[in-house]
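Enquirer: Take a look at this one; I'll ask things after.
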Amino acid sequence: MKIRKCDRCKNPYDPYEMEINNDCANSLGIVNMDMRDNVCSGVYYDLCPNCMGDLVAWMKLNEEE
Ligand SMILES: [Zn+2]
C-alpha cells in the first residue's frame, strides 16, 4: 500500500478507513458552492488519522442529532 503524507501536520501515515456519518473515509474534500447550491470548484486533502479525528470532533460529524 502507498504511504500517504498528511496535508495538515505533514506526518506520513498508512491508508486507513474511519467511520464518518456511517460511511468510511481517509481523506477530505471541500467544495465551493454558489448561492444556488451549484458546486463551483473543490480541493482534496490527505489527512492522517489524528488530524481526521480532530476534524470529526471539531465538526461534531459523528454526534447524534
Ligand atoms: Zn495529520
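Where a number appears in this text, it was derived from the coordinates with a stated rule and is not lab data. Since this is a predicted model, take the numbers as computed values, not measurements. Note that we place each Cβ from the backbone using ideal geometry, even for glycine, and neighbour counts take in every protein chain shown.
Enquirer: Quick one: D34, D46, fewest Cβ neighbours within 10 Å first, how do they rank?
Expert: Ordered from fewest to most neighbouring Cβ atoms within 10 Å, D34, D46 come out as D34, D46.
Enquirer: Can you give me the relative contact order of segment 4-59 as a percent, contacts being Cα pairs under 8 Å and 6 or more apart?
Expert: For segment 4-59, the relative contact order is 35 percent.
Enquirer: Fewest to most neighbouring Cβ within 10 Å: what's the order for C40, C6?
Expert: The most exposed by this proxy come first: C40, C6.
Enquirer: About the Cα centre of the chain, how large is the charge dipole given +1 on each Lys and Arg Cβ and -1 on each Asp and Glu Cβ? Please answer in debye to the nearest 20.
Expert: 480
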